[in-house]
Structures are given as C-alpha cells and as structure tokens.
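The values are calculated or read from the model by the stated rules, or taken from the named source; none is laboratory data. Given the structure is predicted, the values throughout are model-derived calculations rather than measurements. In this analysis, Cβ positions are derived from the backbone assuming ideal geometry, glycine residues included, and neighbour counts consider all displayed protein chains. For the accessible areas, the whole protein counts, side chains as well, though only heavy atoms, and no ligand, DNA or RNA atoms are used. Shrake-Rupley method; radii C 1.70, N 1.55, O 1.52, S 1.80 Å.
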Amino acid sequence: MSAETAGPETLGHLSDEPKGEDPGTKGRTITGKSPMRIAMGRLLRDKIALVCMAVVLFFVLIAVFAGPLQKLFGVSTETVLPSQFLNLDLTPKAEYGPPYGPLTMEHPFGIAPRTATDNLAFWLEGAQNSLQIAAIATVLAMLLGVTLGLLGGFLGGAVDRFLTFVTDFFLTLPFILAALTIAPIINERFRDSPNYATVQVVALIGVLAGFGWMSVARLIRGEVLSLREREFVQAARVMGMPTGRLLIKELLPNLVAPIVVASSLMLPAFVSAEAGLAFLGIGVTTRPSWGQTLNQGISFFETYPLYLYQPLIGIVLLVLALNLLGDALRDALDPKTRR
C-alpha cells in the first residue's frame, strides 16, 4: 500500500508508533539498579532473614544498653549477703522467684544458686560481654585475613608462597589446644596484676582473632587471583597507579560481598567459641559470661533447670539467627545461589 492510497487512519498509525516499540512498555521508564540495591531487595523479600535481623537487633540492643536495662529492672550482679536469699542447700528461697516461687519483678529471672546473684543482670551482662568479645575478634580477624589475602593474591611470587605457608601453618594448630596452652600462662603471669581482667579479655580476643583469620585470607586470595587479571586492573597498572591505591580503590570494593558474608559467618562462630571456652574455665572468668552459667548450672539441673536453660536459650537464639542471616546475605549477594 503506497502513501497516496493510504487513508488518514493508516497514515496516523504509521507516523505515531515507531517501528519495533513494544506496546506493553509504552510510557514506562527503565531504570537501572546497582548490585547492592538488587541484593537488598532479595534480602528484604526473605522472611527468614527479616526474622533473624530482628533477633540479632534485639541482642545488639541488649549488648549496648545492658547497664540502663539493669537500672530499669532494678537488678545488679552484686549481692551483699547471699545467705539472705539462699536455703541451707544453696538453692534460692521461694520468695525470691523461680524455681520454688512465682516470678517476681525484683528478680524476673530468679536468682542464682550458691552465689545469689540476679539471673537477669548476669544474663544481660553475659550477652554484652559475649557480643563485644566476638565482634572485636571478628573485626581484627577480618582485617588480618583481608590484608594478607590481598597481598598474597596480588603480589604473587615469593610473597604469596610465604603467606600461604604461614596460613597453612596456623591451620595445622588446633584452636582448643592453643587456648588450653595460652590460658594457664596468662592466668599465672598476670594473676596478681590490677589489670588482670582486662588482660584476660585481650588475651581471649587475641586467641580468637589469631586462629580465625586463615579461612578469610584463603577466600580473599582466591578472589584476588581472578580479579587481578581483569581489564580494569590491567588498565590501572598501565596508568601507573601505585600498588596500595590499586588494592584499596580497585580491588577492595569488588571484595565487599565475600567480606560481608565471611564476617557474618565468623561472628556466630566466635560467640560459640567464647561461651565454650568460658564453660571450660579457660575463657573470661572475671566477667559475667553465658559459658560460666552453663558450667555452674549443670550441678543444679535437677533442682533448678531454669538456671541452665536461660543462657542456653540465649546462645542458641543468637548463634542460630546469625548463621541464618549469614546464609541469607550470601544468597542475596551471590546471584548464582537460590534457596
């Protein structure tokens, strides 16, 4: 059909609508999304991840505001006269809450046998100390692992071989054996020091971070080995960009996803390790700890099971939420994985 023989309607149709345009997309604007926005969208659509985020946020708030919460409930970890609260068999009296009496606002979680300390105050400070130690150890381990992984993977050669040997050497050392060896030395050396409590915490953080960085270093090294051959890295080298700037400005931003996932999975491992070492008596013994309560609660499990269940529930909830949140972050940041 020619333009001379076509009617007005036909000419209007031919002139108004461009060739190849999809009528379904007419009037719509296509906007691009960054990988981070896409990952956040996936994470916010995951109901399990949202529940885990709420649980983790709950424990973080407890760790941050443990002191004000104790004042709010009027509880404390100090007891002036334990005999006032305990029976002759060292179990709590009925008027001071469970297990022999009803819940009371003076001691909502009851009081501890043998020491008569308030369980709620001890539980709050135990959560605070556990998260503080695990978080600091995670940050230090990530810094060490990421730094060594970047250097080994990018520089290669003798530097990579040396760092790989150091990583493999630390991987051969059993974590529990190292902790059992270091703890008695620290206790004996600084027992009479006025800063013994601080030294004990620093030593525990050092043990956790010193034996937790190796998996991160190997992960980052493998990522860097593949990234250093990419075009943007080669272009930066040709332009004469210094090595430090290239590592920080070019390579490190492309490692955000594995770093976030690794740290989210390392944190619950350190929470469990701190509680386990305190349970064995080689962790923090100068501060309230969930592991200490577990150790003491075993002796009173038959008569006072709530004393054992309180820290156990806290550890299980926190570690489970952190692990599931780490899995959700990995699925959200990695488009190849789906749950």
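Quick notes
- A Förster radius of 35 Å, combined with the Cβ-Cβ distance separating Glu106 from Asn195, puts the computed FRET efficiency at roughly 0.50.
- For Ile111, the residues whose amide H sits under 5 Å from its own are Asn119, ignoring neighbours fewer than 5 places away on the same chain, with H placed 1.01 Å from N.
- At an R0 of 45 angstrom, the distance between the Cβ atoms of Glu188 and Val166 translates into a FRET efficiency of 0.95.
- Extension gain for the segment Val139 to Val159, taken as residue separation times 0.36 nm less the Cα-Cα distance, is 4.8 nm to one decimal.
- Packing, taken as the mean count of other beta carbons within 10 Å per residue, orders the peptides 252-263, 142-153, 158-169, 234-245 from highest to lowest as 142-153, 252-263, 158-169, 234-245.
- Net charge of neighbours whose Cβ lies under 10 Å from the Cβ of Thr164, counting Lys and Arg as +1 and Asp and Glu as -1: +1
- Accessible surface for region 181-339, divided over its residues, is 50 Å² per residue with a 1.4 Å probe.
- Sites matching GluC sites (Glu not before Pro) across region 227-284 that sit in DSSP coil, with at most 15 neighbouring C-beta atoms within 10 Å: Glu229
- Burial order of peptide ranges 51-62, 201-212 (average beta-carbon count within 10 Å, highest first): 201-212, 51-62
- Projected label distance in nm at Arg37 and Leu50, using a 7 Å step from Cα toward the beta-carbon: 2.1
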